[in-house]
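The values are calculated or read from the model by the stated rules, or taken from the named source; none is laboratory data. Only a predicted model underlies this, so the values are computations on that prediction, with no experimental measurement involved. Glycine gets a Cβ as well: all are built from the backbone with ideal geometry, and neighbour counts include every protein chain shown. SASA here: full protein model, heavy atoms, side chains in, ligands and nucleic acids out. Shrake-Rupley method; radii C 1.70, N 1.55, O 1.52, S 1.80 Å.
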Amino acid sequence: MSHYFENDLNLKSEIRQISYEYDSSFFTFNSDNGVFSKNRVDYGSRLLLETYLSEGLTEKKVLDVGCGYGFIGIVVSIITNSYVDMIDVNKRAVHLAKMNIKCNKEFKGSAFISDAYLNVSDKYDVVITNPPIRVGKTKLLEILNGAFDHLNKDGLLYFVIRKDQGALSIKKVLEDTKKVEIINKSKGYFILKVKNCKTDWHN
Ligand SMILES: C[S@@+](CC[C@H](N)C(=O)[O-])C[C@H]1O[C@@H](n2cnc3c(N)ncnc32)[C@H](O)[C@@H]1O
């Protein structure tokens, strides 16, 4: 069986629609075989998104890493009036994200293929990610630590990870060099907010 993050060109396409409502704003996303959580919005993604939205950050430049069909990035852009770039290694996911940009007209930003940050050259205020876990701890940490090469000085990383996926051990590793805060928890999912140690949390 192929993983959702692999590019399986033989996988039959069966486009389906997923709906989401936030604060009386309605969104529709095209999804397909071969992408993460193809039939419904993932609980962890939703918790991450809604926790991020509750932070009240608006008009930011945001990078959604491992965007899938574009759920997090598109809602963030529209609800917070932010410019969002969305990246994924999975070609079908990026194709869907581009389709979904067209269906969600107020979106500002882009979607492009990138293995971690390989094709990313800009700097951002925020990196947000429901990261791939099955890629292993080395790649996961490459994605999480690598965010800081693409964040502005006071930039923030937000991510979701389940307790049984090693949330606390990942938190501990990041704490060697970063300030890490658990800002929400639900049903075993942890939402973490990470900032470079060199800068003060409350600036
Ligand atoms: C847990 S899913 C989240 C998808 C989407 N953000 C959502 O919330 O529905 C992780 C995503 O990371 C992508 N991914 C896996 N390895 C990657 C890599 N090396 N670089 C970029 N994206 C990757 C997968 O294709 C997948 O879409």
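The set of residues in segment 73-91 that are near the ligand (Cβ under 7 Å from one of its atoms), open to solvent by 10 Å² or more (accessible area, probe 1.4 Å) and hydrophobic (A, V, I, L, M, F, W, C) contains only Val89. In segment 101-114, of all residues being touching a helix residue (DSSP H, G or I) at 6+ places or on another chain (Cβ under 8 Å) and part of a loop (DSSP other than H, G, I, E, B), the one that is farthest from the ligand (Cβ to nearest atom) corresponds to Glu106. Taking the residues in segment 31-47 that are surrounded by fewer than 19 Cβ atoms within 10 Å (Cβ to Cβ) and polar (S, T, N, Q) as candidates, determine which candidate is farthest from Phe159 (Cα to Cα). For segment 31-47, the residue satisfying everything is Asn33. Scanning segment 32-67 for residues that are more than 9 Å from the ligand (Cβ to nearest atom), under 15 Å from Asn130 (Cα atoms) and among the small types (Gly, Ala, Ser) yields a count of 0. When segment 17-30 is filtered for residues that are open to solvent by 80 Å² or more (accessible area, probe 1.4 Å) and not hydrophobic (A, V, I, L, M, F, W, C), the ones remaining, listed by number, are Gln17, Ser19, Glu21, Asp23, Ser24.
Looking only at residues in segment 136-156 that are in contact with a Phe, Trp or Tyr (Cβ under 7 Å, 6 or more places away or on another chain) and open to solvent by less than 60 Å² (accessible area, probe 1.4 Å), the one that is nearest to Leu53 (Cα to Cα) is Gly155. Screening Ala167 on (1) more than 14 Å from the chain's Cα centre (by Cα); (2) within 12 Å of the ligand (Cβ to nearest atom); (3) open to solvent by less than 20 Å² (accessible area, probe 1.4 Å) shows it passes everything except condition (2).
Residue pairs whose Cβ atoms lie under 8 Å apart, separated by 6 or more positions or on different chains, with the first residue in segment 140-156 and at pLDDT 95 or above and aliphatic (A, V, I, L, M) and the second assigned to a helix (DSSP H, G or I) and open to solvent by 10 Å² or more (accessible area, probe 1.4 Å), are Leu141/Val173.
Could you tell me whether any residue of segment 13-25 is outside any loop (DSSP other than H, G, I, E, B), out of contact with any helix residue (DSSP H, G or I) (no Cβ under 9 Å at 6 or more places or on another chain) and within 26 Å of Asn152 (Cβ to Cβ)? Checking segment 13-25: not a single residue is outside any loop (DSSP other than H, G, I, E, B), out of contact with any helix residue (DSSP H, G or I) (no Cβ under 9 Å at 6 or more places or on another chain) and within 26 Å of Asn152 (Cβ to Cβ).
Residues in segment 105-129 that are buried (at least 19 other Cβ atoms within 10 Å of the Cβ) and either closer than 17 Å to Gly34 by Cβ or modelled with pLDDT under 95 (or both): Ala111 alone. May I ask you to verify whether Tyr117 is of a type in the set (Ser, Thr, Tyr), assigned to a loop (DSSP other than H, G, I, E, B) and either touching a residue at least 40 places away in the same chain (Cβ under 8 Å) or closer than 16 Å to Val65 by Cα (or both)? Yes.
Only a single criterion out of (1) near the ligand (Cβ under 10 Å from one of its atoms); (2) open to solvent by 20 Å² or more (accessible area, probe 1.4 Å); (3) modelled with pLDDT of 95 or more is not satisfied by Lys172, namely (1).
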